[in-house]
1. Identify, please: which residue in the range 239-287 is in a strand (DSSP E or B) and among the hydrophobic types (A, V, I, L, M, F, W, C) and is, among those, surrounded by the most Cβ atoms within 10 Å (Cβ to Cβ)?
2. Exposed (fewer than 13 other Cβ atoms within 10 Å of the Cβ), at pLDDT 95 or above and not in a strand (DSSP E or B), is that true of Asp43?
3. Which pairs do you get when a residue that is not assigned by TED's automatic domain parsing to the domain that holds Leu19, found in the range 86-106, comes within reach of a residue that is outside any strand (DSSP E or B) and surrounded by fewer than 19 Cβ atoms within 10 Å (Cβ to Cβ), reach meaning Cβ atoms under 7 angstrom, with the pair 6+ apart or on two chains?
4. All but one of (1) assigned by TED's automatic domain parsing to the domain that holds Pro209; (2) more than 27 Å from Leu204 (Cβ to Cβ); (3) without any contact (Cβ under 8 Å) to a residue 60 or more places away in the chain hold for Gly81; which doesn't?
5. Residues being touching a residue at least 40 places away in the same chain (Cβ under 8 Å), crowded, with 20+ Cβ neighbours inside 10 Å and in contact with a Leu (Cβ under 6 Å, 6 or more places away or on another chain): count how many of those fall in the range 389-426.
6. With the structure loaded, tell me whether Pro215 is not in a helix (DSSP H, G or I) and not hydrophobic (A, V, I, L, M, F, W, C) or whether it fails that test.
7. Please verify whether Asp308 is among the acidic types (Asp, Glu), more than 19 Å from Phe358 (Cα to Cα) and modelled with pLDDT under 90, treating the condition exactly as stated.
8. Checking the conditions here, which among Arg142, Arg97, Arg122, Arg106 is in contact with a Phe, Trp or Tyr (Cβ under 8 Å, 6 or more places away or on another chain) and farther than 27 Å from Pro370 by Cα?
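The values are calculated or read from the model by the stated rules, or taken from the named source; none is laboratory data. All values reported here derive from a predicted model rather than from experimental measurement. Note that we place each Cβ from the backbone using ideal geometry, even for glycine, and neighbour counts take in every protein chain shown.
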Amino acid sequence: MLVFGGAACTKRSRAAERLTPCVLAGVPREARCLDVDVPLDWDAPGGKTIRVRAAVLPAEGSRPLGDPLFVFAGGPGQAAGQIAELTLGVFGSLTARRDVVFVDQRGTGHSHSLDCPDAGQRVPITQHYDVDAGRQRLVACREDLVTRGEDLRQYATWIAVKDVDRVREELGYEQLNAWGASYGTRAALEYARQFPSRVRSLVLDGVAPAAVVLPVAMAQDTDAVLDAWLATCRADPACARAPLDEALGQLLHPDAGVTAATHDAFFGQPATVALGPQQLLGLLRGPLYVPTLAAVWPHALRQAAGGDVAALVGLEAALSGMSLSQGMHFSVLCAEDVPRLSPELRADALRTRAGAAFVDEYDLACRDWPTRPVPPEFFAPPTFAGPTLLLSGGFDPATPPRHAQALAQQLPNATHVVANNLAHGVSGKGCGPQLVQRFVKERSLDGFDAGCLSELPLPTFFSPPEPP
C-alpha cells in the first residue's frame, strides 16, 4: 500500500483545486476534469503547446489510496474518455479506494483531436463501401490537417506517453496502475518503459506490442482465426451441414466481387452495393471480434456467397458506434509500423487469405503522411520488471495469444491468462472483472482461479428457422 505524505499530499490538494466538474458519457456520477498544457514537441519544450484533457473519477470511499488507475484506450485513435462507461464495470471494487483517470491521448477526444472534416458524418452505404472514395476522403483529411497547421509528426506513441506523465505529475500522484486494451497496451508498455518507477502494476488486455508490425499481423491473425472458426464449424453437426471453406474461398478470391441489393439502415432506403475483395474481407473479419456476432458469421458467409450480403452488412452495423480520430490513427501507424514493412514481411502477408489488402491500404495512406524517426529503443524488448497481467482471447483476430506469449517471455514478472473462447477484449467478460481487480489490489493472482475464464463457452451457432 502506498501512503502519501508531505509534499505529495500538498501537490494533490493543489491539483484538486484546479479540477472542474465534467461529465463522461454514460457515467452516472460527476467526474473532475483538468486540462494540462504540454509541449507539442517534447524536444522543443519552449515552443508551441497543446492541451491534454484528463478526466478523474474520484475514489468513492472515505479512505482513498494514492495509486490511481490510469486508462489507456485502443485504436489507435480512441479517446480514453469515450470508453469510461465500458470500463467502469471492469474496475468495480477498485473505485472504492482508487481514483480512475482517463487521459485522452494527444490527437483524440478533448486532447487537440486530429479529426477529419467529415468526422461523425454518415455517408450513404454506397459511398461507405467505395474504396476509392474512402481514399480520397483520407487524402482530403490529411491536407485539411496540414492546412490547419497541425504537425502530424508529433502524435506517435513514444511522444504521447510523455503527456500522460505530465498529467500524473500535475495531479500529484507518485505511482499509478495502468490498464490498457488493444493499441492501449502498446501505449501502456511504452509508458512503463519510459517511466518504470511510476508504474505499480500493469494490466494489458489484448496485447499489441511495438515489435508487432500491425498491417502484417492483421493479415496473419485474421487467417489464424478464420481457420479456428472453420474448424469449430466442422466440429458442430448443425454448422457442418453446409461447409464454409468453399464459400470463404469464393468471397476472398482475388477476383471476387459481389453486386447486391441491400438496405441502407441509416438513410432508410434500398441500395445496391458493389463489394470487391477488400470490402468483403473487412465485412468477414469484423464479426470475429465478438463471439456472439461470430456465431451468426457462418450463416452470413453462406448468404454472401449466394449474392445476399444483407446479413454481413447487418453484422457490421452491430459493431459500429465507437469513433476513431483518423488523423491520430495514421500518425501512429505511419510512423511506427509502415516503415518496417520489409520485403520479407510483405511476402508473409501475401501467403494469407488477406494477401496484400492491409499492407496496401496503409502503404497508400502513409505515402505522404508526415512522420519523424522513432527511437530504436521503442521497438526493443521491454524491460519493465513490475507485476504485469496479460489477457488474451483465443479467438481474437487482432491481438491473439501469440503476441502476449512472446511478451510474457520478455517480462520477468508477467502472468498470462488466456480465455480460450473469447475474442477481442477479456477484462469485462465472465470473471474477468474480478481477476483484474484482484491483480491490481494484490499485484498477483495467488489464490485466484484464473481458469474461470476458460470455462466460458462459445455461443451456439445461429441457424435460420426452417421454412413452414
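1. Of the range 239-287, the ones in a strand (DSSP E or B) are 258-264, 269-275.
Remaining after also requiring among the hydrophobic types (A, V, I, L, M, F, W, C): 258, 260-261, 271, 273-275.
Working: Val258: 21, Ala260: 18, Ala261: 12, Ala271: 17, Val273: 20, Ala274: 13, Leu275: 23.
So, considering only residues that are in a strand (DSSP E or B) and among the hydrophobic types (A, V, I, L, M, F, W, C), the one surrounded by the most Cβ atoms within 10 Å (Cβ to Cβ) is Leu275.
2. yes
3. none
4. Answer for Gly81: the failing condition is (2).
5. Number of matching residues: 5.
6. When the stated conditions are applied, Pro215 does not pass them.
7. Working: among the acidic types (Asp, Glu): yes; more than 19 Å from Phe358 (Cα to Cα): yes; modelled with pLDDT under 90: yes.
So Asp308 passes the test.
8. Arg122
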